[in-house]
1. Hey, among Gly35, Gly42, which residue is over 17 Å from the mean Cα position of the chain (by Cα), more than 20 Å from Pro84 (Cβ to Cβ) and at pLDDT 95 or above?
2. Considering (1) touching a Phe, Trp or Tyr at 6+ places or on another chain (Cβ under 7 Å); (2) over 24 Å from Asn85 (Cβ atoms), say which one Ala58 fails and leave the rest.
3. Looking at this structure, is Leu56 outside the structural domain of Arg81 (by TED's automatic domain parsing) and modelled with pLDDT of 95 or more?
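The values are calculated or read from the model by the stated rules, or taken from the named source; none is laboratory data. What you see is a predicted model, and the numbers here were worked out from it, not measured in a lab. All Cβ positions, even for glycine, are placed from backbone atoms using ideal geometry, and neighbour counts span all protein chains on display.
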Amino acid sequence: MAGKRKGIDVVHQTPAEKFVRLAEQRTGQALKYIGLIGNLAGPGYERTDEQVSQILTALQDAVDRVKDRFGGKPQAAARFRLVPNAGE
């Protein structure tokens, strides 16, 4: 079954069909992982306001980069690391 994924003929897809397939898959994955990040707000974790701010800023920056790319402004990918005691 070369070229088929879950019954979909990916070899003969139009660019629009490929976009829809990949956009749904990747957006679903992104939403899943954002939800997992949200789980860190639970009582089983200790965090500082600065750490939360860094996470939310990184997520918003990533969304802004995606908006820019859809608007025709390519952006380099970014990596995320919490900066210890950034607010002190």
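1. Numbers: Gly35 fails: over 17 Å from the mean Cα position of the chain (by Cα).
Just one listed residue meets the conditions, Gly42.
2. If we test Ala58 against (1) touching a Phe, Trp or Tyr at 6+ places or on another chain (Cβ under 7 Å); (2) over 24 Å from Asn85 (Cβ atoms), just (2) comes out false.
3. Numbers: outside the structural domain of Arg81 (by TED's automatic domain parsing): no; modelled with pLDDT of 95 or more: yes.
So Leu56 fails the test.
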